[in-house]
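The values are calculated or read from the model by the stated rules, or taken from the named source; none is laboratory data. These numbers were taken from a predicted model, which means no experiment stands behind them. Cβ atoms come from the backbone with ideal geometry, glycine included; neighbour counts cover every protein chain shown. To get the accessible areas, we keep the full protein, side chains included, count just its heavy atoms, and leave off ligands, DNA and RNA. Shrake-Rupley method; radii C 1.70, N 1.55, O 1.52, S 1.80 Å.
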Amino acid sequence: MEKKKKRLVTRTIILAILAIAIGYTVYGTATKEKVELVAVGSEAPNFTLVDLNGEKHKLSDYRGQGVFLNFWGTWCKPCEKEMPAMNSQYQVFKDLGVQTLAVNIAQTDLEVQNFVDKYDLTFPVVIDKTKSVMTAYNVDNLPATVLIDPDGKVVKITTGEMTEATIASYMELIKPK
């Protein structure tokens, strides 16, 4: 009889813990605030990331220039396809006040360096090792690009692969007047 009581108490405790866990999960999901992607017209969240040469890049340091902020990964085929076009347009627009900043999502320095070398990329490539910038911009799908005007305001947000003509038109959009 004593064994049955112990088993009943143990099972009751386990069921109570499960019920609490399920209740907490349902409550958390129901009350969780929906985080919106950075909105067009809003101030671009500031951040500081380090490039492959150890140099720090702080978004606010680019104030006065347009910023073509691209989130990408080496494993992302659309990212890979658009990188040469981004590099080509960077060469055209860098002296016109438009900076390109490519934010890799938490890959190793070696993986990113091999990719940069393979495509001979000349714009700054930084790595978001903690995914904090990705989270701040609420980026889910890659590639994702945020166009920031010289005043630090978000002008356009786009996801998916871009053609060279599209990249050129976006850089023209954020070029200082």
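Which lysines have a Cα lying under 25 Å from the Cα of residue 94, excluding residues fewer than 8 positions away in the same chain?
Partners found: 56, 58, 81, 118, 153, 156, 175, 177.
What number comes out for accessible area per residue over the chain if the probe is 1.4 Å? Units Å², please.
Here the per-residue accessible area is 59 Å².
For the residue pair residue 136 and residue 55, what label-to-label distance in nm results when each label sits 7 Å from Cα along the Cα-to-beta-carbon direction?
2.0 nm
Considering only 112, 49, 138, whose Cα is most displaced toward the positive end of the charge dipole of the chain, charges sitting on Cβ of Lys, Arg (+1) and Asp, Glu (-1)?
138
Looking at the square roots a ≥ b ≥ c of the eigenvalues of the Cα gyration tensor of the chain, which shape do they give, rounded for a/c under 1.5, prolate if a/b is larger than b/c, or oblate?
In terms of gyration-tensor shape, prolate.
For the range 67-177, give the percent of accessible area contributed by carbon and sulfur heavy atoms, probe 1.4 Å, rounded to a whole number.
Result for the range 67-177: 52 percent of the exposed heavy-atom area is carbon or sulfur.
So how exposed is residue 17, as accessible area in Å² (1.4 Å probe, rounded to 10)?
Its accessible surface works out to 110 Å², give or take rounding.
What percent does the relative contact order of the chain come to when contacts are Cα pairs within less than 8 Å and at least six residues apart?
30 percent
Rounded to whole Å, give me the distance from the Cα center of the range 109-174 to that of the range 45-98.
Centre-to-centre (Cα) distance: 5 Å.
If you take the beta carbon distance between residue 63 and residue 12 as r and set R0 to 41 Å, what does 1/(1 + (r/R0)^6) give as a FRET efficiency, to the nearest 0.05?
Calculated value: 0.10.
Using a Gaussian network model of the chain with C-alpha springs under 10 Å, which one of 109, 151, 95 is most mobile by mean-square fluctuation?
Fluctuation is largest for 95.
How much accessible area does residue 22 have with a 1.4 Å probe, in Å² rounded to the nearest 10?
110 Å²
Of the residues 94, 118, 81, which exhibits the maximal mean-square fluctuation in a Gaussian network model of the chain defined by a 10 Å Cα contact cut-off?
Highest fluctuation of the listed residues: 118.
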